[in-house]
Amino acid sequence: MRRAAFWFLNDPVKRIVQIVSLLAVTALVFGATTALAGSPKHHCASIGPANGGALKWGKQLRGSPRIEVREGLNWGTPELVNAIERATDVVHAKHGTAYRIYVGDLSRRRGGKLKRHKSHQTGRDADIGYWLKQKHSPGYFRKATSKTLDVPRTWTFIQALIEHGAQLIFIDYRLQAPLYRYARKQGFKKHQLEPIFQYPHGRKKRQGIVRHVRGHADHIHVRVRASQSVAHGKAYLRKHPNAIAAQPVRYKVRRGDNLTRIARKFKVTIKKLRRWNKMPRKSKKRNRLRRGQTLIVGYKRPKLPV
Ligand SMILES: [Zn+2]
């Protein structure tokens with residue numbers, strides 16, 4: 001072997017071939033590593049429902065001359081990050097440069113529970129400040145009224161968000177009115193606006209992408225479909241069923257109920273019922289239940305978003 005190698009190196013033609021092929025292999029390996037480092041290895045996975053799920057391999061929304069981000073909780077699916085950035089670009093392109101839009105919380109890096117939010121757990125939700133007529137220093141949300149709202153920019157923004165996969169947009173009902181009227185003036189027919197606005201059917205009507213939810217007078221809440229990331233989330237969950245926490249199943253105590261009966265009804269042990277509901281083990285009142293009291297009677301994995 002040794003001899004053969006020696007002979008091989010001594011042959012000038014073969015030596016050149018050897019050096020060239022060595023260089024080629026090095027270049028290939030180097031190229032592959034750089035490519036891997038430059039692009040994410042995994043596709044983002046949006047796992048479980050927005051109010052009880054998780055996020056993996058999400059993307060961070062970065063600040064730009066057009067977007068001001070709050071530090072920290074700005075991870076989302078690429079679909080969400082893209083929708084915010086593109087919709088902002090559309091507003092600038094159509095209405096001229098405006099001040100930076102202020103974006104609040106998206107999700108945590110790995111998703112999951114977030115303080116002050118019910119959803120925002122899977123990288124599909126974001127809170128965004130309103131476009132206002134008057135330039136103001138951002139840094140926080142400002143309450144918008146029908147007088148201060150920049151209606152044309154907001155309407156353009158809503159349309160662009162929907163075009164980029166928004167499936168729910170929470171906007172205070174009082175702000176929906178001027179937006180709706182403006183859209184009508186722009187030539188949109190009633191039937192075209194039906195699938196978009198809850199207005200004018202009342203703030204309780206479950207219709208339209210734009211809906212009233214309390215607490216949305218100073219910011220828009222947007223949720224995107226993120227079909228690709230959700231599909232990856234479903235695949236991920238099949239492999240890792242424990243990726244998201246099971247949610248408690250609750251039951252309201254009725255007249256005549258007792259622990260034994262409830263335990264039998266939900267096919268669980270009394271011991272478990274006591275533990276889940278933090279009931280005292282050594283007390284005279286240990287078995288007492290109040291009518292109308294809510295008990296945790298089990299834990300169930302949440303349904304996946306459609
Ligand atoms: Zn929100």
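Any read-out appearing in this document is the output of simple, stated calculations on the displayed coordinates, not a laboratory observation. Only a predicted model underlies this, so the values are computations on that prediction, with no experimental measurement involved. Cβ coordinates were reconstructed from backbone atoms using ideal geometry, including for glycine residues, and neighbour counts include every protein chain displayed.
Averaging 1/r over each pair of different alpha-carbon atoms in segment 167-306 and inverting the result gives 19.5 Å, the Kirkwood hydrodynamic radius. Electrostatic bookkeeping for ARG153 treats Lys and Arg as +1 and Asp and Glu as -1; over the other residues with beta carbon under 11 Å from its beta carbon, the sum is +1.
Of all aspartates and glutamates in the structure, those lying under 19 Å Cα to Cα from LYS118, and not within fewer than 8 positions of it along the same chain, are ASP105, ASP127, ASP172, ASP218. Cross-link reach is defined here as a Cα-Cα straight distance under 25 Å, omitting same-chain residues fewer than 8 places apart; for LYS239 the lysines meeting it are LYS41, LYS56, LYS59, LYS113, LYS300, LYS303.
Excluding ARG116 itself, calculate the net charge of residues whose Cβ lies under 15 Å from the Cβ of ARG116, where each Lys or Arg counts +1 and each Asp or Glu counts -1. Please list the in-between numbers first.
Working: positive: ARG70, ARG108, LYS113, LYS115, LYS118, ARG214; negative: ASP105, ASP125, ASP127, ASP218.
Net local charge, ARG116 excluded: +2.
According to the Kirkwood relation over distinct C-alpha pairs, the hydrodynamic radius of segment 47-233 is 16.5 Å. For segment 48-58, 3J(HN,Hα) computed residue by residue from phi via the Karplus equation (6.51, -1.76, 1.60; θ = phi - 60°) reads x, x, 4, 9, x, x, 8, 9, 10, 6, x Hz, glycine and proline entered as x.
Under 11 Å from the Cβ of PHE197, count the other residues' Cβ atoms, weight Lys and Arg +1, Asp and Glu -1, and hand me the total.
For residues surrounding PHE197, the net value is +4.
Kirkwood radius for segment 246-300, taken over all pairs of different Cα atoms as the inverse mean of 1/r, rounds to 11.3 Å.
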